[in-house]
Each structure stands twice: as C-alpha cells, then as structure tokens.
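Right, one structure below, let's go through it.
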Amino acid sequence: MSYLRDLDRWFIEEVLPHEPAYLAHARRLCGDADDAADLVQDAYAKLFGLETWRDLASPKAYTLAMIRNLAIQKMRRARVVSIRQIAGLDAADLADETPNAQSQTIAREQLRRLLKAVERLPDRCRQVVVMRRFEELSPQEIARRLGLSLSTLEKRLARGMFLLSQAMDADARSTVGPPAAASKSGPRRRTNGE
C-alpha cells in the first residue's frame, strides 16, 4: 500500500469509520438518502482540499459541522425547503465518539474496496489518479513524466475520480441495499468506461 498519502491514511482512520453517522446526520438534514450521500461526498471532497487537516482535534465533529453547513448552503439556494429539513438543522447532534473496533474494521474494509476500485479504473485514468492522489505528485510533474498537456492530465484525473466515486457509490449501495425510491425509478447515474 505504498501509494497512500498521509492525508489518505488520516481520512481512512479518522473520518471514514464515522460514515454511518455522517449519512444519518445528512439524512436528517435533507430527508433524502441520495441527497444525503451527495452531501457526505461533498464534505469528503472539501476535507481532501483542506490544508489544515492535521490540526483538526475532532475530525468527526468537524465533518458533521461541514455537512450541516453544506446542507444550509443547499437550502439557501433551493426555492422550496421543507419544514422537516429546517427541523433537522435544529435537532442536529454533533457529539463526537471515539471509533470502536467495529468502526475500525469497517474502515479497513472500505480501504480494501477503494484499492480494488482503483485497480479497476481504466489504465490511463488509474495512472494519473495514483500519481496525483496517492503519490501526491503535482499536476505539472505528472504531465511532464507522462508527456501530457495539463489539460489532458486534468481530464484524465477528473474522469478517474468520477469513475472511482461511482464505483465506491455503487459498492456502498450494493452493500446496504437499494433505497425503496431508487429501486422503483432505477439508478440516478450511469457509469461509463473511458
């Protein structure tokens, strides 16, 4: 597992074990399982862009607060907001819990799934995802090493991250089972290979 950055290890150990709490919190805020999953993924994306991640005393509490703030931003942009969503903001519980053995086991399993999903990426996408996200090389260095333009590199990286996100989302849904609404209307997104 030589391609894990310190940030990735921190995320796997400190953030991912609490994903069920994040999803439950997001579901209380927005009332919809798909929107809740989107909120959690948006929070994860922001965490990966956070330069001060090492300084967080309580990553779980920080992530829960971030999910709440993202939900508030979404509600502000929405034309119609349900009373249930507003009530969910008031009832939000941001208590911090230390991860237990079960949470740590779940995090290890999620890491295993992530690595399998990375291995299933198309070669060109996998190469840039590994170099950027796991080896922490700069886009300029990756482009130089692979003889690519920055534009091509960014497109491959974006495509790879999209496919990786889709694979992880599909894996999570298959583990938990499809929500009742999704089973009637079919999946919201399709995944396409490169």
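The values are calculated or read from the model by the stated rules, or taken from the named source; none is laboratory data. Quick caveat, the model's predicted, so the values are computed rather than measured. As a convention, Cβ positions derive from the backbone with ideal geometry for all residues, glycine included, and neighbour counts pool all protein chains shown. These area figures cover heavy atoms from the full protein model, side chains too; ligands, DNA and RNA do not enter into them. Shrake-Rupley method; radii C 1.70, N 1.55, O 1.52, S 1.80 Å.
The table below gives the values:
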quantity: Within the stretch 54-71, tally of residues that are among the basic types (K, R) and open to solvent by 40 Å² or more (accessible area, probe 1.4 Å); calculated: 2
quantity: Entirely in the stretch 89-182, the helices (runs of 4 or more DSSP H) that have 3 or more residues that are in contact with a Pro (Cβ under 9 Å, 6 or more places away or on another chain), modelled with pLDDT of 90 or more and of a type in the set (S, T, N, Q); calculated: none
quantity: Qualifying positions in the stretch 125-153 - surrounded by fewer than 16 Cβ atoms within 10 Å (Cβ to Cβ) and not small (G, A, S); calculated: E135, E136, P139, Q140, E141, R144, R145, L146, L150, T152
quantity: Helices (runs of 4 or more DSSP H) lying entirely in the stretch 1-53 (those with 2 or more residues that are surrounded by 14 or more Cβ atoms within 10 Å (Cβ to Cβ) and within 13 Å of the chain's Cα centre (by Cα)); calculated: 19-30, 33-48
quantity: Residue that is closer than 21 Å to I106 by Cβ and at pLDDT 85 or above, where the choices are K46, K60; calculated: K60
quantity: Residue satisfying all of: in the stretch 67-79; aliphatic (A, V, I, L, M) and within 19 Å of A33 (Cβ to Cβ); modelled with the highest pLDDT among these; calculated: I67
